[in-house]
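Right, one structure below, let's go through it.
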Amino acid sequence: MIALDIDNTLAATNPALWRMFPDADRTRCHGAPLPPSWFGTESGRRFLAELRPLRGARRAAWLLARRARLVYVTSRPPATVAETWAWLRRFRFPCGLLVFAGSSAAKARWATLLRIKLAIDDDPAAAAAYRAAGVRCLLPRWRYNADDPEAAAWPGLWRAIDFGAPASRHPL
Ligand SMILES: [Mg+2]
């Protein structure tokens, strides 16, 4: 099973935040001076609904879905559940579980619970938590994670995965 983060992994969240906050520090993972709870407000939910996917993300998700079951693991507030499902459907991402994990530590706990073998998440803190739980983590590359050896842009990211078995075997 593969864990896919949503914001800045599948969705171009930071570029949209940077349009709202042009002076925001682009070397930081959290792209704007907004509390996480803002995304659960009416304005925040509208903002999330209007995001665009990152180039190559949907194709990569489908290629990964041929090899393993997917679980979308996000740190969005649970109040965004309707917008998050609608967004995944609107942009035709593969079906999968959806887990709201409120922190990097919670993401790692879900990874253990669901026996996730591979995670893809842009947040260096989440990557560290996954790795501490024994889960390999790849990072869609941004300025704030570019020094990680497992960071790469889509579609190079899914190509970096050595499944080691034919697609029909579902090794993950
Ligand atoms: Mg993210």
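Any read-out appearing in this document is the output of simple, stated calculations on the displayed coordinates, not a laboratory observation. Keep in mind that this is a model prediction, so the values were computed, not measured. Virtual Cβ from ideal backbone geometry, glycine too; neighbours counted across all protein chains shown.
Quick notes on this one:
- The chain: most fluctuating residue of 70, 113, 157 per GNM, C-alpha cutoff 10 Å: 113
- Measuring between their Cα centroids, the stretch 77-113 and the stretch 23-49 lie 17 Å from each other.
- Oblate is the label for the stretch 70-119, because a/c, from the alpha-carbon gyration tensor with a ≥ b ≥ c as root eigenvalues, is 1.5 or above and a/b does not exceed b/c.
- Prolate/oblate/rounded label for the stretch 44-172 (Cα gyration tensor, a/c 1.5): rounded
- Calculated [θ] (222 nm, deg cm²/dmol) that DSSP helices of n ≥ 4 give over the chain, each run adding -39,500 (n - 2.57): -9000 deg cm²/dmol
- Gyration tensor (alpha-carbon) shape descriptor, the stretch 1-108, a/c threshold 1.5: prolate
- As a proxy for reagent exposure, 80, 112, 27 were ordered by neighbouring Cβ count within 10 angstrom, fewest first; the result is 27, 112, 80.
- Screening the chain for whole DSSP H helices of 20 Å or more along their axis (Cα) with average Kyte-Doolittle hydropathy at least -1.0 returns none.
- Relative contact order [Cα under 8 Å, 6+ residues apart], the stretch 2-169, whole percent: 26
- Magnitude of the charge dipole, the stretch 1-135, Cβ model with Lys/Arg +1 and Asp/Glu -1, debye to 20: 700
- Of 152, 119, 86, the one that fluctuates the most in a GNM where the chain has Cα springs shorter than 10 Å: 86
- Within-15-Å neighbourhood charge of residue 48 [Cβ basis; K, R +1; D, E -1]: +2
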